[in-house]
Amino acid sequence: MLKEEKNTMINRPLILTWIATLFARELTLDDVESYRNGKGRVLLDTIAGEIPEAVELERMRSILQGPGTYEDTVLDLAGAFSWLFHGVGGPKAAPTHWHDWSEESDGSQMNCIDTCAELMSRCGLGPALESDESADHVSVQLEFLGYLEARSASDPDGPWNEYRDQLVRDQINAWLPYFLTACERNDRNGFYAALASFTRRILSDSLTGSANSTHAAHAA
């Protein structure tokens, strides 16, 4: 398992980047076609082959690969994405930014964004302008985590592992468990619930936060 075989670091950055992409935007017709017959299918098969115990991947595969048309699948997934991540689900939504989960109500939620941006700036990084997302968005943070793990593997004497641990300890662990729980409880399609469970599996050696707190009100 990934948790036990920490030397699987070579694969984790790729997996984290893939997860980040799925949380970043709705899937398109081209994406669904790729997952059925192209590079996306190869990628999904490769990840499933490396982590055969990840039953969540089979659920994702079954949704992506049929039995409906490409258009039907895209529409179903778009509805699920909007329900969870665009706030259509109301109290059943899963906010995608750390600052959305902050218990502060005096405007200091911006501290979440600033904290994320400051650590990224130390690495000469920032959210892609075209993404239009702040540094505390789930996709940005997971992609950043993958970047730090890749740098740590290629440059073990650098500061990357320290930055990685700081990112997980001070940012990701503060809110991601609650976000994943909201996805698992409230996804009406099943794809993003499975993706959330797979994310939890991949980060099982890092996440220590519990969903049993006031944050979980979003997932009730």
Original post:
Over the heavy atoms of Ser62, what accessible area does a 1.4 Å probe trace out, to the nearest 10 Å²?
Top reply: 50 Å²
Original post:
So which helices of the chain fit the span-like rule, where a helix is a whole DSSP H run, its Cα atoms reach 15 Å or more along the axis, and its mean Kyte-Doolittle is at least -0.5?
Top reply: 12-24, 39-50, 70-85, 110-122, 138-154, 173-186, 191-202
**OP:** Taking every Cα atom in segment 10-120, find the radius of gyration and the maximum pairwise distance Dmax, and write them in Å.
**Re:** 16.9, 50
**OP:** Rounded to the nearest 500, what is the 222 nm mean residue ellipticity of the chain from helices alone, with -39500 (n - 2.57) per DSSP H run of 4+ residues and division by all residues?
**Re:** -17500 deg cm²/dmol
**OP:** Heads up, I need the accessible area for Phe81: 1.4 angstrom probe, whole protein in place, Å², nearest 10.
**Re:** 10 Å²
Subject >> Charge dipole (debye, nearest 20) of the chain; +1 at Cβ of Lys and Arg, -1 at Cβ of Asp and Glu >> reply: 520 debye
**OP:** Give me the net charge of Gly158's neighbourhood, meaning all other residues with Cβ under 15 Å from the Cβ of Gly158; Lys, Arg count +1, Asp, Glu -1.
**Re:** -2
Subject >> Counted charge near Phe85, where neighbours are those whose Cβ lies closer than 13 Å (Asp, Glu -1; Lys, Arg +1) >> reply: -1
**OP:** Can you send over the solvent-accessible area of Thr96, 1.4 Å probe, protein chains only, in Å² to the nearest 10?
**Re:** 10 Å²
Subject >> Spacing of the two label points (7 Å from each Cα toward its C-beta) at Leu75 and Lys39, in nm >> reply: 2.9 nm
Original post:
What net charge do the residues around Asp187 carry, taking every other residue with its C-beta under 15 Å from that of Asp187, with Lys and Arg at +1 and Asp and Glu at -1?
Top reply: +1
Original post:
Can you list, bin by bin at 5 Å, the percent of alpha carbon pairs in the chain, starting at 0?
Top reply: 1, 7, 14, 19, 20, 17, 12, 6, 2, 0, 0
Original post:
How many nm separate the modelled label positions at Asp114 and Leu14, each set 7 Å beyond the Cα in the direction of the Cβ?
Top reply: 4.0 nm
Subject >> Among Ala24, Ala48, Phe198 - extreme Cα towards positive end, dipole of the chain, charges at beta-carbon >> reply: Ala48
Subject >> In nm, spacing of pseudo-spin labels at Leu29 and Glu162 (7 Å Cα→C-beta vector) >> reply: 5.2 nm
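The values are calculated or read from the model by the stated rules, or taken from the named source; none is laboratory data. What you see is a predicted model; the values in this text were computed from it and never measured. Cβ sites come from the backbone with ideal geometry, for glycine too, and all protein chains shown count toward neighbours. These accessible areas exclude ligands, DNA and RNA; they are computed on the full protein's heavy atoms, side chains included. Shrake-Rupley method; radii C 1.70, N 1.55, O 1.52, S 1.80 Å.
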